[in-house]
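So the structure is just underneath, and the comments pick up after that.
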Amino acid sequence: MSELWALSATELVEGFRKKALSPVEVTKAVLARIEKFNPVLNAFRQVAAEEALQQARDSENRWAAGQPQGLLDGVPVSIKDIILTKGWPTLRGSKTVDPKGPWNDDAPVTARLREHGAVLLGKTTTPEFGWKGVTDSPLTGITRNPWNTAKTPGGSSGGAAAAVASGMGPLAIGTDGGGSIRIPCSFTGLFGIKPSFGRVPAWPLSPFGTVAHVGPMTRSVADAALMLNVIAQPDARDWHALPYDARDWRMGLDGGIADLRIAYSPNLGYAKVDPEVAALVKKAVSVFEELGAKVEEKDPGFADPAPVFTTHWFSGAAFLLKNIRNPELVDPGLREVAAQGAKIGADEILDAQMKRGALGLHMNLFHRDYDLLVTPTLSIPAFDAGKEVADKMLQSRWTDWTPFSFPFNLTQQPAASIPCGLTKAGLPVGLHLVGPRYADALVLRAAQAFEKARGGGPASAGSFSRPRTPA
C-alpha cells in the first residue's frame, strides 16, 4: 500500500469503509507532511492541527459505528484563504483584513464539506484578494512549486496546488476568476476543473464579479467528481447558482470518448506558445484520436478577448480597493491595476459586457459543431517564483501568459486542466479541456478517458519526497 498521505480521496473512503484505514492515522500522516514541507513551500497560511485531529477522531467513531456522515467523511481537505471558514480568519492574502473578524460564517463549499464529514486542515495561501496568476502576497510572502522550489506554482490558488501536489492533503478548494484553478494545476501537474458558473454555489460573490468560479483541485479526475458531488449541493445564499443537479458526477466517467467531436486549437489563432509546451500538447491530443474521437485542428474563431477581460478585472480591482483604509499595505501590482480600473468609465464597462455576451454567443454556436475544445492550459511552463510574469520584455501582466484560461471565465463554460507531460526541465504541462456551458459531465468524462489512457498524470504526490533548495 502507498503511504497514507499519497492515497486518493476515493481510496481513503474505500479504506475507511472496509476498516482497513484510520481517519486519525491518515490525518496524522498528512499533518506530518505539512509540518515537514510547508516551511519550504509556504502552501498554508493557517494549519489547524488540533481541530483536524478532533474531526478525524469523530470521523473514526462514525465509521466504527457504521454511520459515516457523508461522502468525504474523514478525508483531509484544505480551504483557500479566499473562502469563508467559521472560526478561522479569512485574510485573503492581505494585511488590510482584520484577523479579529468576527468570523461567524462558512461559505457554501465549507458548509458542505463539514456536513459530509471532511477533515478541514487549514487555509491555503493566495495572492492578495486572488488578483493575479501567481501566489505571493504582502501577508504570506512567496509560495513555491513542489516540482522546483525556485519556480512559482501559479495562482491564484497556488497554495492549494502546492499542498495537493506535495501530499499535504488529497483535496483542495480553489477559486477561478481568470484561470486560478487551472493555472496552478497546470504548473504543478494536478487535475482541476472550473465548473460551469453557478454549478458550485459561492457566497459572498467575488468582488471581480461573475467571472469567478469555485471548484475542486485534486490528483485524479475521480476525486474531482467525488468532491463535486459535495460542493455542488445547493445553497440559497447564491442567487446566481444553477438549479441543483442531483446527479452523481462519478457516473458515466468511464463512458469513453469515441462519440466526441473535438476541436484542437494550438493557439486560439493569436496566442504565442512556448515550443516545448506546444509539442507536448500536440502529442497529447493524439490520445483522443487513439481513443476514437474525431479530432480536427480548428481555432474557435474569436479575436483576443484580453481587453474585454481586463476591463472587467481591473474595474473590479478598483471597486475592491475603493474602501480599503490602508492602501499603502496593498500589493503594488494590485494598486496599479486598480488605478487603471478607476479610469474605466461606464460606457467602457457596458461595451465590455456587450462584447462578453457576443463571445458567449460565439462559443454557444461553435459547440453546435464540436463537443469539446482542446488547447494548452498555459502558454509557458512555470517560471521563477516571486514574479508576476516570466519575462518583462514580453509580458506586462499575468494575463499576457494566460491567453487560454480567462476567455472561458468570460463565457462561464466548464474548463479543466489535466497534466499531459513534463518539460525537459521536469516541469508539468497542462492540457486544457473546454466544454459547452453546463456540460461539466462531458469535460470530466473526456478527462477521465485521457487520464486512464496515460496511466495517470505526471503528478504523483511522491514527486516531492524531500525539500529542494531554491535556486
Worksheet entry | Selection from region 408-424 of residues that are more than 17 Å from residue 365 (Cβ to Cβ), out of contact with any Pro (no Cβ under 8 Å at 6 or more places or on another chain) and crowded, with 24+ Cβ neighbours inside 10 Å | 409, 415, 416, 417, 418, 420
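Going through 349, 324 one at a time, which residue ends up being of a type in the set (A, V, I, L, M), farther than 29 Å from residue 285 by Cα, more than 21 Å from the chain's Cα centre (by Cα) and not in a helix (DSSP H, G or I)?
Going through 349, 324 in turn, just one is of a type in the set (A, V, I, L, M), farther than 29 Å from residue 285 by Cα, more than 21 Å from the chain's Cα centre (by Cα) and not in a helix (DSSP H, G or I): 324.
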Discussion item. If a residue must be over 15 Å from the mean Cα position of the chain (by Cα) and either closer than 23 Å to residue 162 by Cβ or part of a strand (DSSP E or B) (or both), how many such residues does region 207-234 contain?
Written reply: 4
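For region 177-200, does any single residue satisfy the condition of being among the basic types (Lys, Arg), closer than 13 Å to residue 126 by Cα and part of a loop (DSSP other than H, G, I, E, B)?
So far as region 177-200 goes, no, none of its residues is among the basic types (Lys, Arg), closer than 13 Å to residue 126 by Cα and part of a loop (DSSP other than H, G, I, E, B).
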Worksheet item: Here are 269, 256: which of them is out of contact with any Ser or Thr (no Cβ under 9 Å at 6 or more places or on another chain), of a type outside the set (A, V, I, L, M) and surrounded by 14 or more Cβ atoms within 10 Å (Cβ to Cβ)?
Response: 256
Practice prompt. Scan region 296-311 for residues that are assigned to a loop (DSSP other than H, G, I, E, B) and closer than 19 Å to residue 364 by Cβ and jot them down.
Written response: 298, 299, 300, 301, 302, 303, 305
Worksheet item: Of all the residues that make up region 84-122, how many are free of Cβ contacts under 8 Å to residues at least 40 places away in the same chain, over 23 Å from residue 233 (Cβ atoms) and in contact with a helix residue (DSSP H, G or I) (Cβ under 6 Å, 6 or more places away or on another chain)?
Response: 1
Fill in: Some residue of region 33-49 being without any contact (Cβ under 8 Å) to a residue 60 or more places away in the chain and β-branched (Val, Ile, Thr)
no
Fill in: Scope region 425-445; condition crowded, with 22+ Cβ neighbours inside 10 Å and either out of contact with any Gly (no Cβ under 6 Å at 6 or more places or on another chain) or assigned to a strand (DSSP E or B) (or both); matching residues
427, 428, 429, 430, 431, 432, 433, 434, 435, 440, 444
Response to the item:
Sole miss for residue 469 among (1) modelled with pLDDT under 95; (2) within 28 Å of residue 227 (Cβ to Cβ); (3) hydroxyl-bearing (Ser, Thr, Tyr) is condition (2)
Response to the item:
Reported set for region 109-145 where residues are over 22 Å from residue 334 (Cα atoms), surrounded by fewer than 24 Cβ atoms within 10 Å (Cβ to Cβ) and in contact with a strand residue (DSSP E or B) (Cβ under 9 Å, 6 or more places away or on another chain) is 110, 114, 120
Worksheet, complete the sentence: Considering residues that are farther than 26 Å from residue 327 by Cβ and of a type in the set (A, V, I, L, M, F, W, C), the number found within region 88-106 is 0
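The values are calculated or read from the model by the stated rules, or taken from the named source; none is laboratory data. Bear in mind the structure is a predicted one, so any value in this text is a computation, not a measurement. Note that we place each Cβ from the backbone using ideal geometry, even for glycine, and neighbour counts take in every protein chain shown.
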